[in-house]
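Read through the structure below, which is laid out as C-alpha cells, and then see the notes.
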Amino acid sequence: MNTALNASKTNVHFRVNGEPRNVMVYPMQRLLDVLRCELGLTGTKEGCGEGECGSCSVLLNGDLVNSCLIPIAQAAGAEIFTIEGLATKAMHPVQRAFLECGGAQCGICTPGMIVATVSLLRTNSHPSIEQIREGLNGNLCRCTGYTRIFDSVRTAAETMTDEDRDELYALTEKKR
C-alpha cells in the first residue's frame with residue numbers, strides 16, 4: 001500500500017458545481033475518487049487512470065484538468081465543475097448537440113468530451129475545426145472516430161445563444 005495514503009485524513013473544503021463541499025479524506029486521494037465515491041458524482045468517468053484519455057476531465061478553477069491526476073489536497077479552496085453541473089434546468093445545448101449529432105456513443109469518454117467542449121466554448125464561441133481538434137486534444141474516443149464529436153462541437157457553437165454562453169460562463173467561473 002502506498003505510504004502517502006496512510007497519512008491521516010484531513011478536512012478539505014471546496015466548491016463543486018457552485019455548491020460548497022467539505023470532505024474528510026486522505027490528502028493524496030485522487031479528485032476523481034472523491035467526486036465519485038465521497039460525493040456520488042459518478043458522471044466523471046475513469047478511463048485510463050494515467051491522465052492520457054481525458055474521460056475524467058473536470059474544470060478546476062476554470063482550467064481543464066484530468067481529475068485522476070489531481071490529489072484532493074490540491075483542490076482545497078478550489079471551484080470544481082463537473083458534467084453534473086452543466087444541465088441546471090434542462091439539457092444544455094452542448095449536451096443536446098452531442099446527442100443529436102451522435103457524438104455520444106458508449107458513454108465512457110462523453111462526459112470528458114463535453115467538459116472539454118465547455119472549456120473550449122467559454123473562451124472561443126465559434127472555433128474552427130483546427131481549434132476544436134486542439135481543444136479536445138487530450139480526450140480519446142474509441143467509438144466515434146471523432147467526426148461526430150467534432151460535428152457536435154460545431155453544432156453546439158452554432159446553436160448556443162448569448163444567454164446560453166452567459167450561463168456557461170457563470171457556471172464555470174471561479175467563485176470568490
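The values are calculated or read from the model by the stated rules, or taken from the named source; none is laboratory data. Bear in mind that the values here come from a model prediction, so they are computed numbers and not experimental data. Glycine gets a Cβ as well: all are built from the backbone with ideal geometry, and neighbour counts include every protein chain shown.
Residues that are surrounded by 15 or more Cβ atoms within 10 Å (Cβ to Cβ) and touching a Lys or Arg at 6+ places or on another chain (Cβ under 7 Å): does the range 4-12 have at least one? Looking for residues that are surrounded by 15 or more Cβ atoms within 10 Å (Cβ to Cβ) and touching a Lys or Arg at 6+ places or on another chain (Cβ under 7 Å), one finds none in the range 4-12, hence no. Just checking, does the range 47-68 include any residue being farther than 25 Å from Phe150 by Cα and either in contact with a His (Cβ under 9 Å, 6 or more places away or on another chain) or of a type in the set (Phe, Trp, Tyr) (or both)? No, the range 47-68 contains no residue that is farther than 25 Å from Phe150 by Cα and either in contact with a His (Cβ under 9 Å, 6 or more places away or on another chain) or of a type in the set (Phe, Trp, Tyr) (or both). Counting only strands (runs of 3 or more DSSP E) that fall entirely inside the range 1-108 and contain at least 3 residues that are hydrophobic (A, V, I, L, M, F, W, C), the qualifying elements are 10-16, 19-25, 57-60.
Does at least one position in the range 15-28 carry a residue that is hydroxyl-bearing (Ser, Thr, Tyr) and buried (at least 21 other Cβ atoms within 10 Å of the Cβ)? Scanning the range 15-28, I find no residue that is hydroxyl-bearing (Ser, Thr, Tyr) and buried (at least 21 other Cβ atoms within 10 Å of the Cβ), so the answer is no.
Results for (1) out of contact with any strand residue (DSSP E or B) (no Cβ under 9 Å at 6 or more places or on another chain); (2) of a type in the set (A, V, I, L, M, F, W, C); (3) within 15 Å of Asn17 (Cα to Cα), shown as yes or no for each residue.
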site: Phe81; (1), (2), (3): no, yes, yes
site: Gly85; (1), (2), (3): no, no, yes
site: Lys89; (1), (2), (3): yes, no, yes
site: Ser119; (1), (2), (3): no, no, yes
site: Thr123; (1), (2), (3): yes, no, no
site: Ile129; (1), (2), (3): yes, yes, no
site: Ala156; (1), (2), (3): yes, yes, no
site: Leu168; (1), (2), (3): yes, yes, yes
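Only residues that are touching a residue at least 60 places away in the same chain (Cβ under 8 Å), aliphatic (A, V, I, L, M) and more than 13 Å from Val115 (Cα to Cα) were counted across the range 141-165, and they come to 1.
If you filter the range 140-174 down to residues that are farther than 22 Å from Val58 by Cβ and polar (S, T, N, Q), you find that the one that is modelled with the highest pLDDT is Thr155.
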